[in-house]
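First the structure, in the form of structure tokens, and then the observations on it.
The values are calculated or read from the model by the stated rules, or taken from the named source; none is laboratory data. Bear in mind the structure is a predicted one, so any value in this text is a computation, not a measurement. Ideal geometry is used to build each Cβ from the backbone, glycine not excepted, and the neighbour counts take in all protein chains shown.
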Amino acid sequence: MRKHRYALGATFASLAIVLLAACQGNTGSSGSQSGGATSNLKIGLVTDVGTLDDHNFNQYSWEGAKAGAQAVGAAAPHSVVTTQSADYAKNINSFVSKNYNIIVTVGFALGSDTTKAAKANPNIKFIGVDQGICVDANGNPDSTFACKGDAATLLPNYQGLVFKEQQPGYLAGVVAASISKSGHIAAIGGTATVPAVPNYMIGYLNGAKSVKSDIKVELKYVSAAPDAKAFNDPAGGKAAADQLLSQNPDIDVLFQVAGKTGNGVLQSACDHNIHAIGVDVDQWVSTPDTKACTVVSAEKKLTKAVSDAIQRVNAKKDKGGTITLDITTDSVGLSPFHDSQSMITPDIQAKIDAAVKGLKDGSIKACVETPFGSCDNKNGQPPA
């Protein structure tokens, strides 16, 4: 039986946010940061499909661009909001044509177009968030994923920032299994075609089973493609979660891994009076409509990662290639528990602490990994 400990969350707001035109892009002041500019760097950011204020990946990467610009004394950055994936290259080129010095692109799906732009424009610095750089021997995007080229040498102007999502996912699974009363939990992801999503979810499954080997874990995906349905459809996310919960009424913990679509998943959890777990950022803070049922979030430190990358460029200490950020650098982890802290007993905290220690010293693996650091679905993992 579910414990009806939560009041219903407020009706999910902001479903009617007007998307910015693809090449409009002036969301920050074009003037200097407070205190006067001391750097001449012009910084632009291209979002993934969605909105700049998605309370998730786009927004916190944008906060990182602003923080980085302020840290180096550059003018406030500008942004281009992508409304469809076909516009990725056009949106990147809108900054190239204006001679921007640093172009930040947000999300795995922009990786190929960012790689092409970096090769064509060696004097521009590119920062790809959630982009492992895979190139052939000529520095072109490698659709076969053989990755024979040395990205650090061939594209020294391109920092690809990737995170070991399976690690915070694993910790979220430890929490979920520890607080579940029914022994049945779930995760809903945007799409399996973006590696970060199954990384989180497979880590979640493995973390849960490390606590209770017989726990039932449902893993569901909203879309077959990295589109607006996957990451920018709260109503669709809520509908998917409502359906899952109606089919499995004993599920009592639900993890969302679907960007803004996942905000609807959180709303469904609150409406069904069960526990929710957020993703990428601290959703107790970023999505207050659902904080009543959000126990914790599996976090990437997105703002810090982007800001640090900009500061490396300014200091001329940047190096090209894939840069892996993980729990050993405190770049991923769990958010604070906020109002749910009382649920975390000393025994549960000990399990979390042991998992963190094991992930840091390597004695625990969140999943079986491919040579590129993603979870390998072919080696004892559930299919994506």
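Computed values, structure above
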item	result
Positions within region 180-203 being part of a helix (DSSP H, G or I) and either over 24 Å from residue 370 (Cα atoms) or touching a Cys at 6+ places or on another chain (Cβ under 7 Å) (or both), in sequence order	198, 199, 202, 203
Single residue of 89, 74 found to be crowded, with 18+ Cβ neighbours inside 10 Å and modelled with pLDDT of 95 or more	74
Search result, residues across region 134-147 that are in a loop (DSSP other than H, G, I, E, B) and on the phi < 0 side of the Ramachandran plot	134, 136, 137, 138, 140, 142, 143, 144, 146
Region 117-133, subset outside any loop (DSSP other than H, G, I, E, B) and not hydrophobic (A, V, I, L, M, F, W, C), residue surrounded by the most Cβ atoms within 10 Å (Cβ to Cβ)	128
In region 209-235, residue farthest from residue 178 (Cα to Cα) [restricted to those that are buried (at least 19 other Cβ atoms within 10 Å of the Cβ) and of a type in the set (Gly, Ala, Ser)]	228
Residue match in region 278-291 (condition: in a loop (DSSP other than H, G, I, E, B), more than 14 Å from the chain's Cα centre (by Cα) and assigned by TED's automatic domain parsing to the domain that holds residue 255)	yes
Residue within region 148-164 that is in contact with a helix residue (DSSP H, G or I) (Cβ under 7 Å, 6 or more places away or on another chain) and in a helix (DSSP H, G or I) present	no
Residues that are buried (at least 23 other Cβ atoms within 10 Å of the Cβ) and either farther than 22 Å from residue 238 by Cβ or among the small types (Gly, Ala, Ser) (or both), drawn from region 283-307	297, 298, 299, 300, 302, 305, 306
Test result for residue 324, in a helix (DSSP H, G or I) and closer than 22 Å to residue 297 by Cβ	no
Test result for residue 313, among the aliphatic types (A, V, I, L, M) and within 19 Å of residue 200 (Cβ to Cβ)	no
Selection status of residue 253, among the β-branched types (Val, Ile, Thr), more than 13 Å from the chain's Cα centre (by Cα) and at pLDDT 95 or above	yes
Positions within region 348-375 being without any contact (Cβ under 8 Å) to a residue 60 or more places away in the chain and either in a helix (DSSP H, G or I) or under 11 Å from residue 210 (Cβ atoms) (or both), in sequence order	349, 350, 353, 354, 357, 358, 360, 361, 365
Residue within region 146-162 that is under 22 Å from the mean Cα position of the chain (by Cα) and surrounded by fewer than 24 Cβ atoms within 10 Å (Cβ to Cβ) present	no
Number of the exception - residue 136 against (1) surrounded by fewer than 24 Cβ atoms within 10 Å (Cβ to Cβ); (2) closer than 23 Å to residue 42 by Cα; (3) acidic (Asp, Glu)	(2)
Filtered residue count, region 284-302, keeping only those that are of a type in the set (Ser, Thr, Tyr) and at pLDDT 95 or above	3
Qualifying residue in region 246-254 (condition: free of Cβ contacts under 8 Å to residues at least 12 places away in the same chain, of a type in the set (Ser, Thr, Tyr), assigned to a helix (DSSP H, G or I) and closer than 17 Å to residue 274 by Cα)	yes
Condition met for residue 204 (closer than 29 Å to residue 363 by Cα, surrounded by 24 or more Cβ atoms within 10 Å (Cβ to Cβ), of a type in the set (Ser, Thr, Tyr) and under 22 Å from the mean Cα position of the chain (by Cα))	yes
Residue check, residue 353 surrounded by fewer than 19 Cβ atoms within 10 Å (Cβ to Cβ) and out of contact with any strand residue (DSSP E or B) (no Cβ under 9 Å at 6 or more places or on another chain)	yes
Residue list for region 204-227, restricted to those being among the hydrophobic types (A, V, I, L, M, F, W, C) and part of a loop (DSSP other than H, G, I, E, B)	215, 224, 225
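Quick grid of which residues meet (1) of a type in the set (Val, Ile, Thr); (2) touching a helix residue (DSSP H, G or I) at 6+ places or on another chain (Cβ under 9 Å); (3) assigned to a loop (DSSP other than H, G, I, E, B); (4) free of Cβ contacts under 8 Å to residues at least 12 places away in the same chain:
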| site | (1), (2), (3), (4) |
| --- | --- |
| 45 | no, yes, no, no |
| 48 | no, yes, yes, no |
| 59 | no, yes, no, no |
| 71 | no, yes, no, no |
| 83 | yes, yes, yes, no |
| 88 | no, yes, no, no |
| 93 | no, yes, no, no |
| 111 | no, no, no, no |
